[in-house]
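First up is the structure itself, then whatever we jot down about it.
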Amino acid sequence: MTAHPPQTPDIAVSVIVATARDTGCERLVRALREQFAAAGCVYEIVLVLDGCPRYGWLTGDDPDLRVIVLPQRQGIARARNRGIAASRGDLLAFLDDDCVPASAWLDELLRMSREYPGKDAFGGRVIGTAPSNLYSRLRDQIYYFETFGAWYTQTPASRAGDVIGAPYVNGGNCAYRRAVFLDGTRFDVLLPAYSDVELGRRLLLRRRAVLSPYMAIHHDHPGDFRQYMLRCWRSGRARALLWWHRRYREDSPSAVGAAVAVNLMWHNAVHRRRRIAGPPVRVVAVLTCQEIVHGIGYACALLASVVGGRRAGGLPDRTAGPGVAAGPP
């Protein structure tokens with residue numbers, strides 16, 4: 001039986017934060033409280049502790065803060081899903097625990113929810129907190145630039161217009177109307193990454209989402225080579241599972257293989273390198289490692305699925321996983 005979030009329309013916004021480490025969560029909660037107090041908006045913060053000890057600064061007597069403790073690490077998708085089940089707001093917003101919302105974050109979210117009654121998802125920019133760090137720049141100028149467009153990585157000099165339609169809304173800075181989740185829709189727990197990407201595809205957010213350049217967060221991107229490569233490895237594995245489990249054409253072996261080859265032989269050295277400030281040789285070297293690690297992660301996950309003869313996560317063939325609708329994409 002599917003558990004639906006309780007109906008309590010008296011709360012305007014539920015902010016769901018899945019966290020497994022106490023590196024900046026208190027800072028985030030403090031910033032959120034300041035914005036909601038200024039807006040006079042009724043809200044709650046749902047903090048899901050994903051297999052970590054209860055943080056020392058949680059007193060247990062904060063009326064705006066609800067804490068859910070998961071006894072074992074379950075991953076960000078499951079943690080977010082637990083937050084959805086416990087939430088009570090009309091808008092369910094998701095933020096990473098290592099970010100700080102920009103000053104206009106809440107105002108922009110509330111504005112878009114009013115101005116676009118026919119849209120179901122809202123999001124904005126993710127701005128790296130260490131712009132001089134190479135790996136932060138790679139995250140911004142490669143992934144975000146190529147996914148959302150140049151506007152996503154530029155600081156607007158004047159009021160820029162909203163962007164209607166997006167492939168997805170970033171799971172670390174987004175909000176959905178409550179109605180999206182009432183039918184049991186959830187983040188796909190089978191994916192080590194890209195659960196927000198998959199949800200965007202499943203919900204056809206190119207027709208149902210709005211992005212604002214000013215609904216922004218300042219986020220701690222991977223700061224060293226190891227962390228960055230781990231992200232590339234997880235993204236490669238996730239794309240293989242998306243193909244094996246859902247047959248999205250953009251994640252097929254031929255599509256991934258062609259993209260990796262083109263990036264290695266052309267894009268990295270010709271186009272991408274020019275967008276990244278830094279020693280060209282080092283930039284191209286890291287981009288080369290990025291493509292290789294991504295491809296290896298993809299190949300390993302796909303091979304494991306084929307050899308096992310079962311769908312991702314141990315599910316039988318032709319069986320839909322939690323939060324994954326059956327049928328063609």
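The values are calculated or read from the model by the stated rules, or taken from the named source; none is laboratory data. This one's a predicted model, so the numbers in the text were calculated from it and none came from an experiment. Ideal geometry is used to build each Cβ from the backbone, glycine not excepted, and the neighbour counts take in all protein chains shown. In case anyone asks, the SASA skips ligands and DNA or RNA and just uses the protein heavy atoms, side chains included. Shrake-Rupley method; radii C 1.70, N 1.55, O 1.52, S 1.80 Å.
Worth a mention:
- Divide the volume of the convex hull around the Cα atoms of segment 116-210 by the residue count and you get 110 Å³ per residue.
- Calculated mean residue ellipticity at 222 nm for the chain: -11000 deg cm²/dmol, from DSSP H runs with n ≥ 4 weighted as -39500 (n - 2.57), summed, divided by the residue count and rounded to 500.
- Take every DSSP beta bridge whose two residues both sit in the chain; close to 35 percent of them are antiparallel.
- Heavy-atom accessible area order for V169, V293, largest first, 1.4 Å probe: V293, V169
- Alpha-carbon Debye profile of the chain, log10 I(q)/I(0) at 0.08, 0.10, 0.14, 0.15 Å⁻¹: -0.37, -0.59, -1.21, -1.38
- Whether segment 241-315 is rounded, prolate or oblate, judged on the alpha carbon gyration tensor where a/c under 1.5 counts as rounded: prolate
- For segment 208-268 and segment 61-130, distance of Cα centres in Å: 22 Å
- Per residue, the accessible area of the chain comes to 45 Å² when a 1.4 Å probe rolls over the protein heavy atoms.
- Distance between the pseudo-spin-label points of W266 and D224 (7 Å out from Cα toward the beta carbon): 3.7 nm.
- Length added when fully stretched, A130-V67, from 0.36 nm per residue minus Cα-Cα: 19.7 nm
- With every protein chain in place, segment 121-218: carbon and sulfur % of accessible area (1.4 Å): 53 percent
- Chymotrypsin sites (Phe, Trp or Tyr not before Pro) within segment 22-98: DSSP coil, no more than 12 neighbouring Cβ in 10 Å: W57
- Rounded, prolate or oblate (a/c below 1.5 giving rounded, otherwise prolate when a/b exceeds b/c) for segment 168-296 by Cα gyration tensor: prolate
- Over segment 67-185, equivalent-ellipsoid semi-axes from the Cα gyration tensor in Å: 26, 20, 13
- Expressed as a whole percent, the proportion of Cα-Cα pairs in segment 1-134 lying more than 17 Å apart is 61%.
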